[in-house]
1. To check you understand DSSP bridge types, tell me what percent of the beta bridges within the chain (both residues inside) are antiparallel, rounded to 5.
2. Roughly how far apart, in whole Å, are the Cα centres of the range 248-286 and the range 53-105?
3. Say the dipole of the chain comes from +1 at the beta carbon of Lys and Arg and -1 at that of Asp and Glu; which of Gly373, Leu474, Gly164 then lies farthest toward its positive end?
4. Hey, if we sort Ile57, Ile509 by accessible area with the 1.4 Å probe, largest down, what's the order?
5. With all protein chains present, calculate the accessible area of Val105 using a 1.4 Å probe and round the result to the nearest 10 Å².
6. Let me have the relative contact order for the range 378-533, percent, based on Cα pairs under 8 Å that are six or more residues apart.
7. Considering just Cα atoms, how many Å³ per residue does the convex hull of the range 135-201 enclose?
8. Would you please give the residues with an amide H less than 5 Å from that of Thr459, counting only those at least 5 places away or on a separate chain, with H modeled from the backbone geometry?
Amino acid sequence: MRTRCDRTAAWPLLQSRFDSAGKAFDLRDAFATDPQRFASFSQQAPHVFADLSKSLIDAATETLLFDLAVQCQLEQHRDAMFAGELVNSSENRAAMHFLLRKPVVAASNTAASPSNQENQAQSAAKNIAHELTQVHATLDAMLAYAEKIRADDAITDIINIGIGGSDLGPQMVVLALAEFAAQAKQVKRFHFVSNVDGQELASVLAQCKPASTLFLIASKTFSTTETMTNAHSAKQWFEAQGGEGVGRHFVALTSNVKAANQFGITTSFGFWDWVGGRYSIWSAIGLPIALAVGGKCFRELLAGAHAMDEHFRTAPMVQNLPVRLGLLDVWYCNFHGFGSRNIAPYSSALRRLPAYLQQLEMESNGKRVDASGQTLPFQTSPVLWGEPGTNGQHAYFQMLHQGTTVVPVEFVAIKRQAHTLPGHQQKLLANVLAQAQALMLGQNDVGGHKHFPGNRPSTFLLLDELTPASLGALIALQEHRVFVSGAIWGINSFDQWGVELGKVLAKDIEPRLQNGDLSGLDSSTAGLLRRLR
Ligand code: F6P
């Protein structure tokens, strides 16, 4: 049983700390009085360097946050996840996405006569070892298939049909690793169709021919309305256009292989109920990535994530980057009362990162009850939003600098770019540094309009290069930081009941749009429905 943050001894101490020093904390004074501040609040984690020194935090506060983590049994909860325990309690499931990126290890010798506890640990380990064998068998098969299609010049277009976790991750990574995809013998075109708005599918189909198109139907459940509607329309289009061999041109990425077979699909790559949708990029859902960049790069993506898993699993809290980021999120959310976080990747290749992180953070931690179902008396998930830099600077950065609301910004920068156009990279890096600096320093102006209050916090994540490995590490870092804040809040970060009600109501409304039945509807829904008919 975990202890919820507000029931720990550290929680009121953090409140006192906030009242006495946190509220009035000023970054400019903090840097002036501590020449070591950058060194103390920055660190190297696998593939990711992080500068947290422009955060509204000092050593005493961070120490209290570590105490909070200890009192919430964060490390035990983390170990429970890595041991395959049923940490997704409302769905009675484990959350073992880390297993998808774990290399196979040789079985170790077991003790001659183990105790009861050792017995349990051994059987959990055996279970994990069994799942790992399945993971690698599927991975090998999927990567072999990916190589076959990559070598097949007849296939020019790949259409991924999926939504949420079955779309955002693969799409984000395929865009991010475009430079690696460009090295393929034949560069294929990738399309991602998620919206049930037929406009999206129609415009993609208009660019494709059945004989040269491969459809990936990506759905963990193989029942999501949007995906199934698009999949059926795609199949109808394929057949109506004279396409032959649904079995060759449609592939399912799903944990519901039976439903995929009923759809007429004969090639499926499966995954397990312990892989949540928003954590599924490393599973068969990652097939578009493997098709784009090849098996070697896909394995590097997994290896980068695994390196971050090991960091999270083993590094002491004071040097554990997901822990430090997750605790900072709690400090901002529950003491400063900051309601959102801006994601600013200074890389056009990472332009879909904010959308990806929105699902990861808000579907995981947008909860109002704790894991036992009790209403929480404090705020949880921040709103995540963002655009790539420098574009955001010419849109909403005005508000970040001079608005009445403080929004912590997370900058993501890449030291070396793949392109060779002169001058661009220096300008890009100068801008990201300048924005972080301007937010912190501010500017005095008695006239008012040109006054920047400053003392606005940011974190800075830096990758040497955007490679499959560094991207894998960056994503796993974000997964684990979300786990950390969720663990402190005492919530189940692995379910998503909040998406269900709208699905049920849409099912009720859909036939009414046909038959005009308004009975039992509130007057607003009824009025709008009448207009929409
Ligand atoms: O409705 C939310 C959700 O279940 C997400 O968690 C998931 O990523 C998405 O829908 C897609 O689900 P599926 O892969 O089963 O189609």
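1. Details: 10 of 44 bridges.
The answer is about 25 percent antiparallel.
2. Using only Cα atoms to place each centre, the spacing works out to 28 Å.
3. Farthest towards the positive end: Gly164.
4. Result of the area sort, largest leading: Ile509, Ile57.
5. Accessible surface of Val105 is approximately 100 Å².
6. Computed over the range 378-533, the figure is 20 percent.
7. Working: hull volume 7.2 nm³, N = 67.
For the range 135-201, the hull spanned by Cα atoms encloses 107 Å³ per residue.
8. Val409, Glu410, Phe411
The values are calculated or read from the model by the stated rules, or taken from the named source; none is laboratory data. Since this is a predicted model, take the numbers as computed values, not measurements. Using ideal geometry, Cβ is built from the backbone for each residue, glycine included, and neighbour counts are taken over all protein chains shown. Note: accessible area is taken over every heavy atom of the protein model, side chains too, but ligands, DNA and RNA are not part of it. Shrake-Rupley method; radii C 1.70, N 1.55, O 1.52, S 1.80 Å.
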